[in-house]
Structure formats: C-alpha cells, structure tokens
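K.L.:
Handing you a structure now.
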Amino acid sequence: MRFIIETYGCQMNVADSELVSSILISAGHSPVTDIDDAQVIIFNTCSVRDHAEQRVLGRIANEKHRKSSNPEIKIGVIGCMAQRMGKRLIEIEPGIDFVVGVDQYQHLPHILEDAESCAEDALQMDKTQVYPNVMPFRQDKNCGFVTVMRGCNNFCSYCIVPYVRGRERSRPVNDIYEEAKSASEAGLHDITLLGQNVNSYQFDGYRFPDLLRKLNNIESLWRLRFVTSHPKDLSDELISVMAECSKVCEHIHLPLQAGDDQLLKKMNRSYGVDHYLGLIDKLRAAIPGIAITTDLMVGFPSETEAQFENTLRVMEAIRFDYAFCFKYSEREGTAAASYEDQVPEEVRLRRLQAMICLQRKITLEKFRGQIGKTVAVYVENFSRRSDDMVSGKTRDFKIAVLSGGADKIGGLSKAKVIDATAGTLICE
Ligand code: 5AD
Ligand code: SF4
C-alpha cells in the first residue's frame, strides 16, 4: 500500500516516523509525499501540550472525507497521543481505523492488512523496546537523527512523556555506532543523537561521554550533536568531552524551564538556578563560542508575577541564542494537573508574549553579533527564498543562507556573515 506519515511534536517523533517508514517499506509498502496518492494516512502525534492534540484531531476530521470517495483508505494514529488515549481516540473520531502505541510499531504491517489484528497488543508498553535491527528510512540525506535511548525517568511534574513513553532504556552502543557509521558513509555527515535525556545514556558500562568519544572516530562523520540534556545530569566529563572531540558541535540544548528555585522545585527538576548558571559558566569557559538554547515555560501552577520576572532576569543574564517558549498546558495524570492555583489563561498568554518578545530581542542581538565572522556552513538545501541561494547550518546551530546552487548541497562552505535576522545568518 502507498502510505504517508504526518509527524507532530518533537524530534523523537521525527525519528520514529523514519523507523515506521522503514518497517512498512520492509513489508513491501511504499512511501508517498502527496496525500492524494496515499492509501494509508498515518498521524504520528504529540501529547506534550493540549494544543498539539487538538491540531491533530482537526487534521483527521479534515482528511476523513477521503474515505467516502475511497473506502479502502485507512487512517491511523501512532505516537504519544495514541499511547495516551488508546481506543478512546476511535470513539472521539470514528474516522480512525487503527491506533498503535510507541513500543508496537513492528505490528504495523499486520495492522495495515487487518486493522482488527492485534488490537490489544497495539497499545502495550514494552520497557525493553529499542527497535533493534531497524535502519530508519531517512528523507533527508544530509542531516539526521540517531536515537540512542527511549523513555524518561524524570517525572517533571508537568510532563506526560514518562507516562506515554515509559522508562529510560538505552540502545546497544554497537548498534548506534553501526547506524551512525553507515548513515554517515551514505552522506549523512551531520548527526544528532536523540533521547529524552541523553546524559543518562548507559549501556554495558558505556556512558554518554564514552559514546561521544567512540562516535567521534567515525571518519565520514563531520558533525555530531545531541538532544536533550538535563541540567541535573550534565557532567564535567561531558563538558570536557565536548571540548576535546572535534566533531562535537559548539551547541547545547539545555532546558531551563524556569528561572526561579521554588518553581523549579515544584516542577521536580532537581536543580536550582545557581546550579544552572554554574553549568553555563563551565560550558562557556570550556567551549568558546558555544551556542546555548533552551526550553522555557510560563504559567506553571502558582507562578507569581515575581517568579515569572525571575525567569526573565535569568534569561537576560544568560542570553540564550534561542529559546523555545511554551505556555503551561495541564496534562491529565501528571502531578501538576492536581496542583491548586492554576494560572488564568490570559495571564499565561501575556507572560508568554513578554517572554517571546524578550528572547526575540536577545536572539537578534546574538545573530547580529556574528556579522563579520567567517563560518563553516554545512549546506543542506536550496533556500526557500530564492533558487540561486542555498541554506544550511553552522556548527553552532544557526541557519545560514548564501549564494550558490546544487553543487554546494551536501558539502561544507566557508562563508562570511554579512547580515542577520533573528533566525538566519545572511552570508557571502
Ligand atoms: N505544558 C507546556 N509545556 C510543556 N513541556 C513539557 N510538558 C509541558 C506542558 N505540560 C515543554 C517543556 C519541555 C518541552 C519539550 O515541552 O519545556 O522541555
Ligand atoms: Fe518530560 Fe522532564 Fe522527561 Fe523532559 S526530562 S521528557 S520534560 S519528564
């Protein structure tokens, strides 16, 4: 059958969609890029915020009309929302034919043949599942993800992830090495290692810094990145390995969430602001020019105006290169959903706008601060703006555009930054 996967949410879902594509292709199905050609439409969903869930339900409602003109068309839901809601999803949206949880993708080929098959198994969680022997099917041939671990043990009080993705488990170090080696030999020179909390990777005595050291030796690999790090687990050893390994890029994504100790405690983050500031100092001392990006949240239950302002002050002190700013969304079953003092929606919205505004200003200053510098751009594609421009990324995870054509794609270009917006370096 011809299938298409529409992916929502984080990079783990992007990587999982590549895994699912590979499983389906191995069973004889074929991927298409135009939904009009698809006989199976799969939504890979996110449950982190309510908004993401509502968007997918809206998309499914929009696409189910296809089934009346062609009853053979099947619609499936996979990913975190499938895991969280299970069969309830089919009650809410009868246009859905099958629902498969995050640990059961190997059953998808049977389920496509018969949506009723293994209906129960399809939602089982499997605490050992790491999808061994599945080489992801990657659309992007230049940059991509290699999953190193699945699940999360942290139970931040607002977060649904540990409930839907289960406990942490690491992939065997040799599987990761072989995948990174063969993918980079095939042209994937910029690899991002993925896990909900990569710093707690461990397999047979190998910890995350050991894994970075090992992968750093792959000749065809040019750039190595990783997401996401948890501030409580970012070790001095990891910082020195980042500094010492030439392939490991000068960038870290280190979610702060809030710049207030009391809030961080209620969020169950296991660190305080001082610890976080200490990490930033160490990172900047060890890795000159390192870009630091983060996740921040406003409107966590009981957040006062003063606490929110503490977060703004910390943002000003650190000056992140970029921050993903989120409005707290209550998630059924998490600890924070039962906290009193939920912050009114209009307050959450106002704080979010103020936060985004501050970060935009800092990001613009950071990007403009690059003007005049020479950067190495790994060119990934044509620029969206013009056919005689190409775009790619710097080592410190900034998008850069420069003049050039197809011959530049897939290679490294040295370029001088001549201008910048709050998201793009314009180079020459
Ligand atoms: N509401 C809003 N944002 C959330 N995140 C996780 N859970 C929630 C929630 N309930 C954010 C955190 C996390 C990022 C991936 O999503 O900032 O780091
Ligand atoms: Fe969620 Fe916290 Fe785990 Fe990240 S570390 S996935 S925010 S519980």
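The values are calculated or read from the model by the stated rules, or taken from the named source; none is laboratory data. The model shown is predicted, which means the values in this text are computed figures rather than measured ones. Heads up, the Cβs are rebuilt from the backbone with ideal geometry, glycines too, and the neighbour counts pull from every protein chain shown. In case anyone asks, the SASA skips ligands and DNA or RNA and just uses the protein heavy atoms, side chains included. Shrake-Rupley method; radii C 1.70, N 1.55, O 1.52, S 1.80 Å.
K.L.:
Lys/Arg Cβ at +1, Asp/Glu Cβ at -1, dipole of the chain taken about the Cα centre: which of 130, 277, 30 is farthest positive-ward?
P.N.:
277
K.L.:
Further, regarding this structure: Two decimals is fine: what's Rg over Rh for region 374-427, C-alpha atoms, Kirkwood radius as Rh?
P.N.:
Taking Rh as the inverse mean 1/r over Cα pairs, Rg/Rh reads 0.91.
K.L.:
List the GluC sites (Glu not before Pro) within region 39-80 that fall in a DSSP loop (any state other than H, G, I, E or B) and whose Cβ has at most 11 other Cβ atoms within 10 Å.
P.N.:
Loop-located and lightly packed - 72.
K.L.:
Another one. With charges only on Cβ, +1 for K and R and -1 for D and E, what is the dipole size of region 197-320 about its Cα centre, in debye, rounded to 20?
P.N.:
Dipole magnitude for region 197-320 comes out near 300 debye.
K.L.:
Kirkwood hydrodynamic radius for region 23-80: how many Å is it when counted over pairs of different Cα atoms?
P.N.:
Evaluated on region 23-80, it is 12.6 Å.
K.L.:
Using a 1.4 Å probe on the protein chains only, how many percent of the accessible area of region 2-123 belongs to carbon and sulfur?
P.N.:
48 percent
K.L.:
Next question, about the same structure. Let me know the whole percent of all Cα-Cα pairs from region 142-188 that are separated by more than 17 Å.
P.N.:
Above the 17 Å cut-off, region 142-188 has 48 percent of its Cα pairs.
K.L.:
Right, next: Given the rule -39500 (n - 2.57) for each run of at least 4 DSSP H residues, summed and divided by the residues of the chain, what is its mean residue ellipticity at 222 nm, to the nearest 500 deg cm²/dmol?
P.N.:
-10000 deg cm²/dmol
K.L.:
Would you mind computing Rg(Cα) / (2.2 N^0.38 Å) for region 96-168, counting N as its residues?
P.N.:
After normalising by residue count via 2.2 N^0.38 Å, the value is 1.29.
K.L.:
OK, next. According to the Cα gyration tensor, what semi-axes, each the square root of 5 times an eigenvalue, does the equivalent ellipsoid of region 310-428 have, listed from largest to smallest in whole Å?
P.N.:
37, 17, 12
K.L.:
Return the aspartates and glutamates within reach of residue 64: Cα separation strictly under 20 angstrom, same-chain partners fewer than 8 residues apart disregarded; answer none if there are no such residues.
P.N.:
Cross-link targets: 6, 34, 36, 37, 53, 72, 91, 93, 97, 113, 114, 116.
K.L.:
Further question: For the chain, what is the relative contact order in percent, using Cα pairs closer than 8 Å and at least 6 residues apart in sequence?
P.N.:
10 percent
K.L.:
Follow-up question, since we're still on this one. Would you mind listing how long the chain runs along its three principal axes, going by Cα atoms, in whole Å with the largest first?
P.N.:
Principal-axis extents of the chain (Cα, largest first): 58, 57, 47 Å.
K.L.:
Let me ask something else. Taking the Cα centre of each part, how many Å lie between region 35-53 and region 250-297?
P.N.:
Value for the Cα centre distance between the two parts: 32 Å.
K.L.:
For the cross-link pairs 373/408; 232/266; 361/416; 67/327, which exceed 26 Å when the distance is taken from alpha carbon to alpha carbon?
P.N.:
Violating the 26 Å Cα-Cα cut-off are 67/327.
K.L.:
Separate question: Can you pull the percent of region 129-225's accessible area that's carbon plus sulfur, 1.4 Å probe, other chains left in place?
P.N.:
Roughly 48 percent, rounded to a whole number.
K.L.:
Based on the alpha-carbon gyration tensor of region 262-303, what equivalent-ellipsoid semi-axes (square roots of 5 times the eigenvalues) come out, in whole Å, largest first?
P.N.:
Semi-axis lengths for region 262-303 are 25, 12, 6 Å.
K.L.:
Return the Cα extents of region 2-123 along principal axes one, two and three, sorted largest first, each rounded to a whole Å.
P.N.:
34, 29, 28
K.L.:
Given a cut-off of 28 Å, name the pairs among 282/393; 181/398; 181/366 whose C-alpha atoms lie farther apart than that in the structure shown.
P.N.:
In this structure, 181/366 exceed 28 Å between Cα atoms.
K.L.:
Using modelled backbone amide H atoms (1.01 Å from N, in-plane), which distant-in-sequence or interchain residues come within less than 5 Å of residue 259's amide H?
P.N.:
Residues meeting the amide H criterion: 311.
K.L.:
Using the Cα centre as the reference, give the magnitude of the dipole from point charges on the C-beta atoms of the chain (Lys, Arg: +1; Asp, Glu: -1; all else neutral), rounded to the nearest 20 debye.
P.N.:
1020 debye
K.L.:
Describe numerically, in nm with one decimal, the distance between label points set 7 Å from Cα along Cα→Cβ at residue 268 and at residue 365.
P.N.:
If labels sit at residue 268 and residue 365, their model points lie 3.6 nm apart.
K.L.:
Would you mind working out the accessible area per residue for the chain, using a 1.4 Å probe, and quoting it in Å²?
P.N.:
Here the per-residue accessible area is 43 Å².
K.L.:
May I pose another question? Quick one: pull the percentage of alpha-carbon pairs in region 88-246 with a separation above 27 Å.
P.N.:
When every Cα pair of region 88-246 is considered, 34 percent fall beyond 27 Å.
K.L.:
How are the alpha carbon pair distances in region 181-239 distributed across 5 Å bins from zero to the largest one, expressed in percent?
P.N.:
Spelled out bin by bin, region 181-239 gives 4, 18, 28, 24, 17, 8, 2, 0 percent.
K.L.:
Out of the DSSP beta bridges found with both residues in the chain, what percent are antiparallel (nearest 5)?
P.N.:
For the chain, the DSSP antiparallel bridge percentage is about 35.
K.L.:
To the nearest 10 Å², what's residue 168's accessible area with a 1.4 Å probe?
P.N.:
Probe radius 1.4 Å; accessible area of residue 168 about 50 Å².
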